[in-house]
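Here is the structure we will look at.
Values in this text are rule-based calculations from the coordinates and carry no lab data. Since the structure is predicted, the reported quantities are computational estimates derived from the model, not experimental observations. Cβ placement follows ideal geometry from the backbone for every residue including glycine, while neighbour counts extend to all protein chains displayed.
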Amino acid sequence: MAEILAHPYPYPLPSLSQVALVIIDMQRDFLEPGGFGEALGNDVTKLQAIVPTVQALLATCRRLGITVIHTLECHQPDLSDCPPAKRERGKGSLTIGDRGPMGRILIQGEPGNAIIPELTPAPGEIIIPKPGKGAFYHTTLPQELAQRQITHLLFTGVTTEVCVQTTMREANDRGYECLLIEDATASYFEDFKTATLAMLTAQGGIIGWSAPSTEVLAGLINL
Ligand code: C5J
C-alpha cells in the first residue's frame, strides 16, 4: 500500500477516492484585520503565513480529483444556533453577532464569514457551515463522507488547537484515519500549535498522524 512519510510512523494511503482534504475555517473572520480573531486580541498575520501552503495542497488535490471539504465557523443571523455560553465568552472588543468592519462577526453570509479569496471553493467542492468548533457537530459532514466512502482525512486550517484539533478528535472517534499537515495549520500561539501536534500524535498516534506538506504531496502524487 502507498504511504506518506509521517509521524509517528508512515500513514497508509488507500485509493485517492477514499481521501479528502479538509480545510478548516480559512475565513476572513480569523485571517484578516477587523474580524473575530483580531477582536479577541490576536495577531492575524500568524495565520496568513500558511496560505501559500494550503493553496499548493488545494491545487494538487484538485488536479488529482481528491475530494475537497471547506468548513466555516458561523451562526444563523438570529443566533438561534449560538449558545449564550459561546456568545458571552471571550470578552473581546466585539463578540459573535456584533457588527464589525467586515459585517456581523461569525454570521453566515456576512463578508467576514467568507473563505479568504486565495482559497475560494471551486464548483463541486463541499462547504460545511458549522456552529461549533468541531465539524461533525450539527452538520452534514458525516453524510457527505459516508456517501463518498471516504476513510482518510488530511487536515489543514485554523486554528490548530481549537477547530482543527476538535474536528480531528471527532473524526478519530468516528473511525477516520486522520493526518494533520504540519505547515498547513496555524495558531495565534506557536506553543499551542507545537503542543497540539505533539499530543495528537503521541502514544503511537493516539488521535492520528502528522506530516509536512512536502511528504503529503509526494505521497499523493505517487499514488
Ligand atoms: C476559533 C477556530 N479559534 N476556527 N475558531 O474560535 O479555531
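Kindly put 9, 176 in sequence by how many other C-beta atoms sit within 10 Å of each C-beta, fewest to most. Display every interim value, and only then the final one.
Numbers: 9 12, 176 19.
Taking fewest neighbouring Cβ atoms as first place, the list is 9, 176.
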*Net charge, residue 14 excluded, C-beta distance under 15 Å - Lys, Arg +1, Asp, Glu -1*: -1
*What percent antiparallel are the DSSP beta bridges of the chain, to the nearest 5?*
20 percent
*Mind jotting down the distance between the C-alpha centroids of the range 182-199 and the range 41-93, whole Å?*
15 Å
*Say the dipole of the range 22-65 comes from +1 at the beta carbon of Lys and Arg and -1 at that of Asp and Glu; which of 59, 49, 33 then lies farthest toward its positive end?*
59
*Stretch gain in nm, segment residue 16-residue 78, where the contour uses 0.36 nm per residue and the Cα spacing is subtracted*: 18.3 nm
*Where both residues lie in the range 49-134, what percent of DSSP beta bridges are antiparallel, nearest 5?*
25 percent
*Linear extension gain, residue 118 paired with residue 199, 0.36 nm per residue minus alpha-carbon span*: 26.1 nm
*Which residue fluctuates the most in the chain, going by a Gaussian network model with Cα springs under 10 Å, if the choices are 39, 85, 195?*
85
*Putting +1 on Lys and Arg Cβ atoms and -1 on Asp and Glu Cβ atoms, find which of 218, 97, 166 reaches farthest to the positive end of the dipole of the chain.*
97
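Is any helix in the chain, taking whole DSSP H runs, at least 15 angstrom long along its axis by alpha carbon and on average at least -1.0 on the Kyte-Doolittle scale, and which ones?
Working: long enough: 51-64 (20 Å, 0.74); 190-205 (23 Å, 0.03).
The qualifying helices are 51-64, 190-205.
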*Label-zone membership for the range 181-208, site residue 125, 7 angstrom Cα→C-beta point, backbone N under 17 Å*: 181, 184-186
_From the Cα trace of the chain, what convex hull volume per residue do you get, rounded to a whole Å³?_
113 Å³
*What percent antiparallel are the DSSP beta bridges of the range 95-223, to the nearest 5?*
20 percent
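Grab the other residues whose beta carbon is less than 10 angstrom from that of residue 24, score K and R as +1, D and E as -1, and report the net. It would help to have the intermediate numbers written out before the result.
On the way: positive: 130, 133; negative: 25, 73.
Summing Lys and Arg as +1 and Asp and Glu as -1 gives 0.
What is the Å³ per residue value for the convex hull set by the Cα atoms of the range 107-212? Write out the running numbers ahead of the final one.
On the way: hull volume 12.4 nm³, N = 106.
Output value, Cα hull per residue: 117 Å³.
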_the chain: calculated mean residue ellipticity at 222 nm from DSSP helix runs of at least 4, using -39500 (n - 2.57)_ = -8500 deg cm²/dmol
